Structures are given as C-alpha cells and as structure tokens.
Amino acid sequence: MADMMEHFLLHAHEEYLGDAADRIETYYCFNLQEFTPPRNKYDVIWMQWVACHLTDKDLLNFLIRCKKSLRPNGVLIIKDNMARQGCKLDPIDSSISRHLDIMKVIVSKAGLEILAVERQEGFPEVIMPVWMMAMK
C-alpha cells in the first residue's frame, strides 16, 4: 500500500483494513512521482482516485514503473473520475480529471494494453463519471 501521507497509511492499517491489515506486506510512504514499486512483484496494482493527482508526465512515468512491477499475467487497474470532455481542473484540490480517451492515450504511451473498460454504475448523473480500466 502506498500513500504520501503517513497518517493515511496508519488510518488504513488501524481503522479501514481491520483484520485484513495483516495481508498488507509493506506500507510505502512516498509520493508517486518518486515511488518505484519492486520489479516483478505484483499480480494486481489498484489505483483508485490517484491518477487525477498526477500530471500527464508523472502519470505516464508512474504507469511505466508499475508495468515493470507486474508479474507475468499481472494487471493494473485504474478507477478514477473522468471528464465528460477534455480535461477538468478542480480549483479546490488541484486534481485534474481527464476524458477517457485522453487516459487511454497515456496508458498506450506507457506500453500497457487495455483489457477492459467499464463505467461505474449507480452514481448520480450530476457527478463526474467514474471509469475503471484494466490493463497489462
């Protein structure tokens, strides 16, 4: 599990994960611009509401590093808000939501193959759509 805020990692360990906390082998306190996951280690890497906090360049470079950390047949999953068109900057938290097509271009440039794309169901139409992408 990786996060740049130590108190988020502690909260996840102590409150959120509960009895499943022992399943987390290592907690990494790094920002993703600097973090390099271990090579050939993971079957699944799950990024949820993370891509929106990285510039296109930082996201591209992080995806390249993640690809190297996947075991054979491993998958990387991104779940994030996606803009309805272009890119949308949130002035409150400085996050950037990209249109799904823009995200696909970044994923392709990282050398990843998209396996599946699905829109999150059950959310109100007034909020930004949430999409999930599985890739290898």
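The values are calculated or read from the model by the stated rules, or taken from the named source; none is laboratory data. Given the structure is predicted, the values throughout are model-derived calculations rather than measurements. Here Cβ is always computed from backbone atoms with ideal geometry, including for glycine, and neighbour counts include all displayed protein chains. Keep in mind that these areas ignore ligands, DNA and RNA; they rest on the heavy atoms of the full protein, side chains included. Shrake-Rupley method; radii C 1.70, N 1.55, O 1.52, S 1.80 Å.
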**Request:** Name, by its number, the condition in (1) touching a helix residue (DSSP H, G or I) at 6+ places or on another chain (Cβ under 6 Å); (2) open to solvent by 60 Å² or more (accessible area, probe 1.4 Å); (3) touching a residue at least 24 places away in the same chain (Cβ under 8 Å) that does not hold for H53.
**Result:** (1)
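Per-residue answers, yes or no, for (1) assigned to a strand (DSSP E or B); (2) open to solvent by 60 Å² or more (accessible area, probe 1.4 Å); (3) under 14 Å from W49 (Cα atoms):
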position	(1), (2), (3)
P72	yes, yes, no
M82	yes, no, yes
D101	no, yes, no
I106	no, no, no
L112	no, no, no
L115	yes, yes, no
V126	no, yes, no
**Asked** Can you name the residue in region 14-32 that is in a loop (DSSP other than H, G, I, E, B) and open to solvent by 80 Å² or more (accessible area, probe 1.4 Å) and, of all such residues, is nearest to D90 (Cα to Cα)?
**Response** F30
**Request:** Keeping to region 86-99, report how many residues are part of a loop (DSSP other than H, G, I, E, B) and surrounded by 15 or more Cβ atoms within 10 Å (Cβ to Cβ).
**Result:** 1
**Request:** With respect to H11, determine if the residue is of a type outside the set (G, A, S), under 21 Å from S95 (Cβ atoms) and either surrounded by 16 or more Cβ atoms within 10 Å (Cβ to Cβ) or in the same structural domain as S108 (by the TED database) (or both).
**Result:** no
